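Colleague: Supplied in structure tokens, the structure appears directly below.
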Amino acid sequence: MAGPRDIRAVRTLRISVTDRCNFRCVYCMPEDKLDWVPRETLLSFEEIVEVARAALAHGIRSFKLTGGEPLVRHDLPRLVAMLRALPDVDELSMTTNGALLGEFAPALKAAGLDRITVSMDTLDGDKFHDITRGGDLTAVWRGVRAAQVAGFGHPKINCVAMRGINDEEFAEFAALTLTKDLTVRFIEYMPLGRTALGGEYEERFISESEIRGRIEARFGRLVATMKDTGHGPAIVWRLPGAVGRIGFISAMSKPFCETCNRLRLTAEGQLRSCLFDGGEVELRPIIRDMAGETRPTMLHRAFVDCVAFKPEVHSYFGNRQMSQIGG
Ligand code: SAM
Ligand code: SF4
């Protein structure tokens with residue numbers, strides 16, 4: 001059996017900047033209001049940067065901003081600029097639902113953000129409205145275009161695969177990559193927290209192999225073009241002759257725990273070892289209540305402990321909403 005994970009193997013910190021969101025995606029949030037985290041318990045930008053500094057001291061080199069919806073956090077470009085000013089940051093990226101990207105893309109680029117991933121589970125406006133409980137697909141495409149105009153190259157589109165909801169559209173999503181320089185990533189639906197997706201989880205779940213099968217039945221075999229050498233989960237594929245790429249995030253059918261190189265910071269300051277499992281360390285008391293040398297020492301310990309909590313194989317049901325952890 002492998003021993004505790006080496007802190008040096010961890011390269012990425014996903015930072016959730018808020019648990020709030022302007023959408024209520026059926027697979028992510030229940031329809032009734034979640035109890036939002038009280039504002040005073042959210043880490044301030046200065047506190048997030050302090051955690052980022054501790055992460056950098058451990059060799060973590062990339063940060064991904066997420067949420068909830070990161071762009072509903074007031075003044076987010078300021079946080080991007082603060083993180084960008086830290087030494088040794090290789091990559092600063094963000095996952096967003098895209099609704100506010102039209103407004104913020106130029107400021108995010110100016111602040112030093114490198115990459116953007118936009119979530120989009122259907123290409124049909126009405127269905128999009130239903131899945132997100134109110135979202136406007138044209139605004140999201142406007143956001144994607146604004147990001148390209150602002151200088152963000154090669155967008156990634158995240159699509160959560162759900163039987164009976166968007167499974168007729170996988171080939172259509174894949175077809176986007178034939179002519180567009182973008183990556184479509186199909187995410188296996190994960191059973192986290194309390195969602196209101198109708199039907200049992202097992203009935204909605206579709207595995208990577210079935211998604212691939214549907215795409216290949218229409219376009220022929222996918223060609224493996226690049227393994228994500230950043231130890232990330234994605235193996236990248238291409239349709240024959242395509243400009244863009246296709247990826248799969250298959251945490252359910254092919255758990256990638258052994259190579260998982262990330263930790264997660266929740267908006268309230270819990271450092272989490274895994275999306276599914278509860279192994280986490282509370283950083284807020286360290287940051288807010290400790291002074292002097294104790295603080296960096298305890299932050300250091302928190303990172304080491306959290307990495308040791310990383311499971312060899314994740315459990316199959318998460319105890320928190322995805323919107324609270326940040327995906
Ligand atoms: N609001 C942003 C967005 O939607 O991109 C960032 C946060 S969201 C929690 C991050 C990612 O998690 C999104 O791509 C979303 O589709 C995905 N996600 C949320 N709930 C999920 C679930 N139950 N299974 C799989 N992916 C999920
Ligand atoms: Fe909001 Fe993203 Fe969750 Fe949708 S997936 S409800 S956009 S946090």
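Colleague: Arrange the peptides 154-165, 93-104, 120-131 so that the one whose residues have, on average, the most other Cβ atoms within 10 Å appears first. Can you show the working numbers first?
Modeller: Working: 154-165: 20.3, 93-104: 22.2, 120-131: 18.1.
Descending mean neighbour count gives 93-104, 154-165, 120-131.
Colleague: Using mean Cβ contacts within 10 Å as the protection proxy, how do 200-212, 72-84, 263-275 order, highest first? Let's see the in-between values first.
Modeller: Details: 200-212: 16.2, 72-84: 17.8, 263-275: 22.8.
Final packing ranking: 263-275, 72-84, 200-212.
Colleague: Roughly how many whole Å is it from the C-alpha centroid of region 20-90 to that of region 138-188?
Modeller: One Cα centre to the other: 23 Å.
Colleague: Mind ordering 107-113, 251-257 by average Cβ neighbours within 10 Å, highest first?
Modeller: Values: 107-113: 19.0, 251-257: 16.4.
By packing density, highest mean first, the sequence is 107-113, 251-257.
Colleague: For region 1-90, take the convex hull of the Cα atoms, compute a quarter of its surface area, and give me that in nm², please. Let's see the in-between values first.
Modeller: Numbers: hull surface 31.8 nm².
Seen from a random direction, the Cα hull of region 1-90 projects 7.9 nm² on average.
Colleague: Quick one: length gained pulling residue 47 to residue 126 fully straight, 0.36 nm per residue minus the C-alpha distance? List each step's numbers first, then the result.
Modeller: Numbers: separation 79, 0.36 × 79 = 28.44 nm, distance 4.01 nm.
Between residue 47 and residue 126, full extension yields an extra 24.4 nm.
Colleague: Considering only the other residues whose Cβ falls under 11 Å of the Cβ of residue 38, what net charge follows from Lys and Arg at +1 and Asp and Glu at -1? Write out the running numbers ahead of the final one.
Modeller: On the way: positive: 39; negative: 19, 35, 40, 268.
Around residue 38, the charge tally is -3.
Colleague: First select every other residue whose beta carbon is under 9 angstrom from the beta carbon of residue 268; then total the charges, Lys and Arg +1, Asp and Glu -1.
Modeller: Numbers: positive: 284; negative: 19, 282.
That works out to -1.
Colleague: What is the extension gain from residue 294 to residue 36, computed as 0.36 nm multiplied by their sequence separation minus the C-alpha to C-alpha distance, in nm to one decimal?
Modeller: On the way: separation 258, 0.36 × 258 = 92.88 nm, distance 3.08 nm.
Computed gain between residue 294 and residue 36 is 89.8 nm.
Colleague: Can you list, largest first and rounded to whole Å, the semi-axes you get for region 121-211 by taking the square root of 5 times each eigenvalue of its Cα gyration tensor? Please list the in-between numbers first.
Modeller: Numbers: eigenvalues 119, 51, 27 Å².
After diagonalising the Cα gyration tensor, the semi-axes are 24, 16, 12 Å.
Colleague: Which whole number of Å³ per residue matches the convex hull of the alpha-carbon atoms in region 87-144? Spell out each step's value before the answer.
Modeller: Working: hull volume 4.3 nm³, N = 58.
Hull volume over Cα atoms, normalised by residue count, gives 75 Å³.
Colleague: Of 109/156; 64/254; 156/180, which pairs sit farther than 21 Å apart, going by alpha carbon to alpha carbon? Before the final figure, lay out each step's value.
Modeller: Numbers: 109/156 16 Å; 64/254 23 Å; 156/180 11 Å.
Among 109/156; 64/254; 156/180, the Cα-Cα distance tops 21 Å for 64/254.
Colleague: Assuming R0 = 45 Å, what is the FRET efficiency of residue 305 and residue 75, from their Cβ-Cβ distance, to the nearest 0.05?
Modeller: On the way: r = 32 Å, r/R0 = 0.71.
E between residue 305 and residue 75, to the nearest 0.05, is 0.90.
Colleague: Divide by every residue of the chain the summed helix terms, -39500 (n - 2.57) for each DSSP H run of at least 4, and state the resulting mean residue ellipticity at 222 nm, rounded to the nearest 500 deg cm²/dmol. Before the final figure, lay out each step's value.
Modeller: Details: 11 runs with 106 residues, N = 327.
The helix-only estimate for the chain comes to -9500 deg cm²/dmol at 222 nm.
Colleague: Please report, in Å, the Rg and the Dmax of the chain, where both are computed over Cα atoms only.
Modeller: For the chain, the Cα-based Rg and Dmax read 19.1, 62 Å.
Colleague: Shifting gears a bit: Subtracting the Cα-Cα distance from 0.36 nm times the residue separation, let me have the gained length for residue 202 to residue 149 in nm, one decimal. Don't skip to the answer; put the middle values down first.
Modeller: Numbers: separation 53, 0.36 × 53 = 19.08 nm, distance 4.05 nm.
Full extension from residue 202 to residue 149 adds 15.0 nm.
Only the coordinates and a few stated rules stand behind these numbers; no lab work does. The shown structure was predicted, so the numbers you read here are calculated from the model rather than taken from an experiment. Cβ sites come from the backbone with ideal geometry, for glycine too, and all protein chains shown count toward neighbours.
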